[in-house]
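The values are calculated or read from the model by the stated rules, or taken from the named source; none is laboratory data. All values reported here derive from a predicted model rather than from experimental measurement. All Cβ positions, glycine included, derive from the backbone under ideal geometry; neighbour counts span all protein chains shown.
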Amino acid sequence: MRKFLVILDDSRECLNAMRFAAMRAAKTGGGVEILAVIPPEEFNHWIGVSDIMRQETRERINAHFEVFSKWMRDRQGIHPKLVIREGEPVPEILEQVRDDPKIGVLVLGAGTDKKGPGPLISQLTKSSGSLPIPITIVPGDLSKERLDAIT
């Protein structure tokens with residue numbers, strides 16, 4: 001079964017990427033893997049404080065995952081898997097792709113502000129020619145109806 005890998009972060013565009021991945025998986029008989037990457041700079045504190053912050057970050061990720069997971073199960077019949085990694089986002093995404101040969105497509109949401117599509121898209125498209133899987137970039141301002149029509 002081919003899986004769609006989608007990145008869970010605090011961006012608004014993450015929502016459309018989640019929707020797209022779930023809709024495509026449902027219509028193609030695939031699965032969804034949700035990856036959350038905890039950057040190392042979030043824990044540059046004393047060890048005790050760092051451990052508490054790491055735990056709080058994991059709890060926040062799990063809470064967000066539960067919201068997306070419930071929607072995917074209830075609306076699309078998809079049961080996503082959550083993976084949490086720690087490190088720099090782009091290398092961790094690439095490592096996850098290498099670690100799971102069932103991942104067939106990386107789905108990213110594009111930002112809609114004047115700063116550009118977002119740091120992940122900017123960084124990953126630079127090396128897209130050598131990636132082992134295709135990237136699908138979902139515009140952050142697509143409506144639910146338009147997403148449904150194109151999936």
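Could you list, in sequence order, all residues of segment 90-119 that are under 16 Å from PRO40 (Cα atoms) and in contact with an Asp or Glu (Cβ under 8 Å, 6 or more places away or on another chain)?
The one that is under 16 Å from PRO40 (Cα atoms) and in contact with an Asp or Glu (Cβ under 8 Å, 6 or more places away or on another chain): GLU92.
Do we find a residue being on the phi > 0 side of the Ramachandran plot, of a type outside the set (Ser, Thr, Tyr), at pLDDT 85 or above and surrounded by 14 or more Cβ atoms within 10 Å (Cβ to Cβ) anywhere in segment 124-137? Even if it seems obvious, please write down each step before you answer.
Applying the first criterion (on the phi > 0 side of the Ramachandran plot) to segment 124-137 yields none.
For segment 124-137, residues on the phi > 0 side of the Ramachandran plot, of a type outside the set (Ser, Thr, Tyr), at pLDDT 85 or above and surrounded by 14 or more Cβ atoms within 10 Å (Cβ to Cβ): absent.
Do any residues in segment 133-151 that are over 20 Å from ILE7 (Cβ atoms) and part of a helix (DSSP H, G or I) have Cβ atoms under 7 Å from those of residues that are of a type outside the set (D, E, K, R) and at pLDDT 90 or above, where the two are at least six apart or on different chains, and which pairs are they?
Within 7 Å, the pairs are ASP148/MET23.
Identify, from the list LEU94, LEU82, LEU35, the residue that is under 25 Å from PHE20 (Cβ atoms), modelled with pLDDT under 95, of a type in the set (A, V, I, L, M) and under 17 Å from the mean Cα position of the chain (by Cα). Break it down into steps so the answer makes sense when it comes.
On the way: LEU82 fails: modelled with pLDDT under 95; LEU35 fails: modelled with pLDDT under 95.
Of LEU94, LEU82, LEU35, the one residue that is under 25 Å from PHE20 (Cβ atoms), modelled with pLDDT under 95, of a type in the set (A, V, I, L, M) and under 17 Å from the mean Cα position of the chain (by Cα) is LEU94.
For the structure I just gave you, tell me whether HIS79 is farther than 20 Å from LEU142 by Cα, in a loop (DSSP other than H, G, I, E, B) and of a type outside the set (Asp, Glu).
Values: farther than 20 Å from LEU142 by Cα: yes; in a loop (DSSP other than H, G, I, E, B): yes; of a type outside the set (Asp, Glu): yes.
Taking the combined requirement at face value, the residue satisfies it.
Hey, could you check segment 77-93 for residues that are out of contact with any Leu (no Cβ under 7 Å at 6 or more places or on another chain) and crowded, with 18+ Cβ neighbours inside 10 Å and say which is nearest to GLU66 (Cα to Cα)?
Per the criteria, the residue is PRO80.
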